[in-house]
Structures are given as C-alpha cells and as structure tokens.
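A short write-up of the structure that comes next.
The values are calculated or read from the model by the stated rules, or taken from the named source; none is laboratory data. Note that the coordinates shown come from a computational prediction; the quantities given were computed from them, not determined experimentally. Quick reminder, even Gly has a Cβ in these numbers, built from the backbone with ideal geometry, and neighbours come from all protein chains shown.
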Amino acid sequence: MGVILGFFGVWALRRHTWRVAQEQATELIEVARREAAVAAEEIKQKADFEVQEKRAELNREFDRREIESDVRLREIRAHEESLALLDYQMEQRQERINRETVAVKQARDAIRALSKSVRKRLEGVSQMDAEDIRRALREEVTLECQDELRAMRRQILEKSEQELQTDARRILIASMQRIASKPNNDLTATLVPLPSEEMKGRIIGREGRNIKAFEAATGVTLMIDESPQLVLLSSFDPVRREIARTALDALVKDGRIHPASIEEFVQRAREDIELVTTQAGEEAVTKLNINGLHPEVIKLLGKLKYRFSYSQNALDHSVETAFLASMIASEIGLDPNLAKRAGLLHDIGKAAPGELEGSHALIGAEFIKRYGETPIVTNAVAAHHEEVKPETIYAGIVILADTISATRPGARAESMAGYVQRLERLEKLAHSLEGVQQAFAIQAGREIRVIVSPQQVTDDRARDIAKQLRARIEAELQYPSTIKITVIRETRFTETAI
C-alpha cells in the first residue's frame, strides 16, 4: 500500500510539474510570438522609412537634374541667339563691304573721269595766259569747295555749341538746386502770426537782446516790420527756418521771452524737428520697403521734407523717382530694389549743410559712400545730373526717372496767371524775330514751334533763328526744366490735274 501510495503521489507530482512546465512553455511561446511581431513591425517601419528616404533622395536628384537640364537648355538657347546675332552682324558687315566696294569702284571711275577732264583742261590751259589761268582756277576751287566749306562751318558751329552747353552745365550744376541765386519769399521766408502788436516789443527785448539771442541760436534772420501781428523768418536753410518757427511759436505761447528761455525753446524745437525728420525718412523707407540704410542716411533723407524745388517737395520727389526707377528696372529685367534705392537717395545731397562745396549730386554720393552704399548706387547718385560719367544702366534709369518726376504735368506748381504770361511772353519773343510767320508754345511751355517764311528765310538763317531765340529765352525768361525750340521752314508746291 505504501508503495502504491508513493507511486501515485510521485505520479501526481510529476503530472502537476509537467502541467506547470507546459503552461510556462505556452507563455514563453506567446511572449516570443509577440516580441517577434514587434520586431517584425519595427523592421517593416525601418524599411518603409528607408524607402521614403530613398524616394526623397531620388526626387531631389531628379529635380536637380531637371534644373541642370533647364539651365543647359537656356545656355543652348543663349548660344543660339548669340550665333544668330553673329550671323546678322556678318550679313551686315558683308553688306557694308559690298557698299564700300561699290563706292570704291565709283570713286575710281570718278577719278578716271576727273583725270580725263584735267587732261582736257590742261590742253586748253596751254593756250591761256597766267591771269586767265589764275581766275579760272579760283572760280573752280570756289565752286567745288563751297558745299564742303558750308558743311565744315555747320560742323564747327554745332561742336562749339555742344562745348558751350557742356561747360555751362558743369558750372551751373555746382551751385543750382542747393542755394538760390536770388531771394524768393516762397522758398526762403516764413511768416509767423502774433497774438498782438505788443508781442513784437517783447520779441525784440531791451536794446534788442532777445532778437539777437534768437538769431544767434537759430541762425535765422528775424524781420519785424510794420505788418500787423506778423514777423518774418528768413533763411536759405528750410530746416533752420522750421526750427526757428517752432521755437518762436512756443515762446509766444509761453510768454517768457528772454535769452535763457530762447536757448531752451530753440534746443527743444531742434530736438522736435530732428525727431520729425527722422520719422519722415523712416516713413519714406518703409513706404518703399527698403532695408539696410544707415540711420544717418535716413536722418538726412528726412530733412528733404522741408525742401522744395519749384514748389515740388524734395522728399516726395525722391519717393516718386524711386517708384519710377523701380518700375522701369522691372520692365527691362533689372533689379527693381537696386534702382529704387538709387532713386530714393539721388537728391540726398540737397539736405546737406550749405557750407559744403560742390553740387548736391557729388555731395550726396560722397555721403552715402561713407555709410557703406554700393558703387552702383553711389555712381547713380553722382551721375544723375551727368556731372559724372554713368558707369551702369542704373544711373541712366535714375536720370530718366528724375526727369519724368520733375517735368511731368502738375509736378512743379505754377500760378495760372504766371503760366499764361510765360506762354505769351515765349510766343512774343519768337514773333519779334524777322522772318517768323507763326509761333506756338506747346507741351505746357516746354516746347515752342516757330514757322518761318520760306521766301525770306534760308536753311542757314532758320538755324540762326533757333540759336537767337534760345539765347533770348535764356536771358529774358524764368522757366522750370528746359524749353525745346523747333524752327520749321516748309515749301509746298500744289498742282491740280484736270
């Protein structure tokens, strides 16, 4: 019985052990299966990621090769255009050679004919005395050289006129646009209203010490005359004039006018105007979306807010020139931002202190060069009045944009009475010349067309009339920009067939 019981106990124990081992084995198999599934999923994800990377790399390589093929295609097209241009130039050169060959043949034939003529003349001259030979030669030379002498005279006159214009432009541009040659109340003076006549005495002060302190602090002449409740601030510098006006307004409102308060209010006004000019420069730069300008350049640019040329605001003109230059550059395939930058800065020299010598174009170019502007922009600023040779096409764009902005209708205001009077005076000057039949001022006074009598006036005389009219206009008229003079000499012959 004990053996049997022991056998069954051992058997039950082994059966239990086997069952536990089987359950553990099942669990291990399940864990291994799950781990294998996770590993397989990781391997699959890694494989998918590698496939995506390979696909992206292949796409980038494809894009790169496509770009390279486009670039090579453009190069091939450029070479084809160059070859076509060369072919055209070769054809033109061949045509020119053919024309020259024909001209040489004609000249050779003419020389042969002339030789025959000379031989015949010599045969006739052998029977003439010395005086007859001398007279005949003089008449022949005069007839043959008359056309050549006339052409030479016309060429010399035109060359002299061009040289005079160049010298005049070089001399005048150095001083124009920065300091006026004669006083102009609209440009050099500012009227300040006063609350009462008693305020004039307080502004003058005891023994004139207040007015002297004010003029010394501002650099502006303060003129007090018999005009009721008005004083006049006179200065060629509009920024100084604006500082003086602001300070005087503040002094009049405060009522405390003495040398110490004058210096205080002038300093406060100077700071206010400096802030206003800086803001004006920043607004112009922001409006044009220009980056990288030095703060000193922006500050000087803002001072153009108080400068005018024929009542055209200099800062508005600069912004308009920048927009025009940008549009022109865009149309011809150049960098519009570079042209816009040069157009905005082209007149910055007008805001420079008047003590500096030279034209505003050269002063402005030197100033922006000092603050890191590129040679292209610097040359465009220096060359916009053609004092310096334009080195890039951007300089030509700025010259064109500046001219358009300055001469477009409405850019530079003029009173209607003065406008009509100037046109009448222009036509009257033309009518005062002998041989003129009609004269018409067109293009808002920027051009005058003169019709002369063909029976009284020859071609050479018509040229002289144009020069005389130009000289009289320059001497007797005041006008913005330029006036083109066109003299027309026309002869018509009419027949009627029946």
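Given the criteria modelled with pLDDT of 85 or more and outside the structural domain of residue 306 (by TED's automatic domain parsing), does residue 224 qualify? Here the answer is no, as residue 224 does not meet what is asked.
Restricting attention to region 367-388, which residues are among the small types (Gly, Ala, Ser) and crowded, with 18+ Cβ neighbours inside 10 Å? Listed by number, the residues that qualify are 380, 382, 383. Tallying residues that are within 13 Å of residue 318 (Cβ to Cβ) and of a type outside the set (A, V, I, L, M, F, W, C) within region 344-398 yields 7. Considering region 337-356, and only residues there that are of a type in the set (D, E, K, R) and in contact (Cβ under 8 Å) with a residue 40 or more places away in the chain, the residue that is nearest to residue 320 (Cα to Cα) turns out to be 340.
A quick yes/no check of all residues on (1) in a helix (DSSP H, G or I); (2) over 27 Å from residue 402 (Cα atoms):
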site: 449; (1), (2): no, no
site: 464; (1), (2): yes, yes
site: 479; (1), (2): no, no
site: 488; (1), (2): no, yes
site: 496; (1), (2): no, yes
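Being touching a Gly at 6+ places or on another chain (Cβ under 7 Å) and either over 26 Å from residue 399 (Cα atoms) or outside the structural domain of residue 199 (by TED's automatic domain parsing) (or both) is a property that holds for residue 299.
Within region 230-248, is even one residue of a type in the set (Gly, Ala, Ser) and loosely packed, with under 14 Cβ neighbours inside 10 Å? No, region 230-248 has no match at all.
Taking every residue in region 384-400 that is without any contact (Cβ under 8 Å) to a residue 24 or more places away in the chain and pairing it with any residue that is in a helix (DSSP H, G or I) and among the β-branched types (Val, Ile, Thr), at least 6 positions away or on another chain, the pairs with Cβ-Cβ distances below 6 Å are 392/376.
Looking at region 435-447 only, could you name the residues that are closer than 13 Å to residue 487 by Cα and either out of contact with any helix residue (DSSP H, G or I) (no Cβ under 8 Å at 6 or more places or on another chain) or assigned to a strand (DSSP E or B) (or both)? Within region 435-447, 436, 437, 438, 439, 440, 441, 447 qualify. Cβ-Cβ contacts under 6 Å between residues 6 or more apart (or on different chains), taken from a first residue in region 21-40 that is touching a residue at least 24 places away in the same chain (Cβ under 8 Å) to a second residue that is assigned to a helix (DSSP H, G or I) and of a type outside the set (A, V, I, L, M, F, W, C), are absent. Considering region 194-267, the qualifying helices (runs of 4 or more DSSP H), each wholly inside and each with 1 or more residues that are in contact with a strand residue (DSSP E or B) (Cβ under 7 Å, 6 or more places away or on another chain) and within 30 Å of residue 280 (Cα to Cα), run over 209-218, 238-254. Look through region 233-278, keep the residues that are without any contact (Cβ under 8 Å) to a residue 40 or more places away in the chain and of a type in the set (Asp, Glu), and return whichever of them is farthest from residue 351 (Cα to Cα). Restricting to residues being without any contact (Cβ under 8 Å) to a residue 40 or more places away in the chain and of a type in the set (Asp, Glu), the top hit is 254. Looking at region 365-376 only, could you name the residues that are in a helix (DSSP H, G or I) and over 9 Å from residue 342 (Cβ atoms)? Correct list: 365, 366, 367, 368, 369, 370, 375.
Table: residues versus (1) outside any loop (DSSP other than H, G, I, E, B); (2) at pLDDT 90 or above; (3) under 14 Å from the mean Cα position of the chain (by Cα).
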residue: 353; (1), (2), (3): no, no, no
residue: 358; (1), (2), (3): no, no, no
residue: 378; (1), (2), (3): yes, yes, yes
residue: 384; (1), (2), (3): no, no, yes
residue: 390; (1), (2), (3): no, no, yes
residue: 400; (1), (2), (3): yes, no, yes
residue: 406; (1), (2), (3): yes, no, yes
residue: 409; (1), (2), (3): no, no, no
residue: 412; (1), (2), (3): no, no, no
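Among the residues of region 270-300, those that are among the hydroxyl-bearing types (Ser, Thr, Tyr) and surrounded by fewer than 19 Cβ atoms within 10 Å (Cβ to Cβ) comprise 278, 286.
Within the option set 478, 455, being under 28 Å from the mean Cα position of the chain (by Cα) and exposed (fewer than 15 other Cβ atoms within 10 Å of the Cβ) holds for one residue only, 478.
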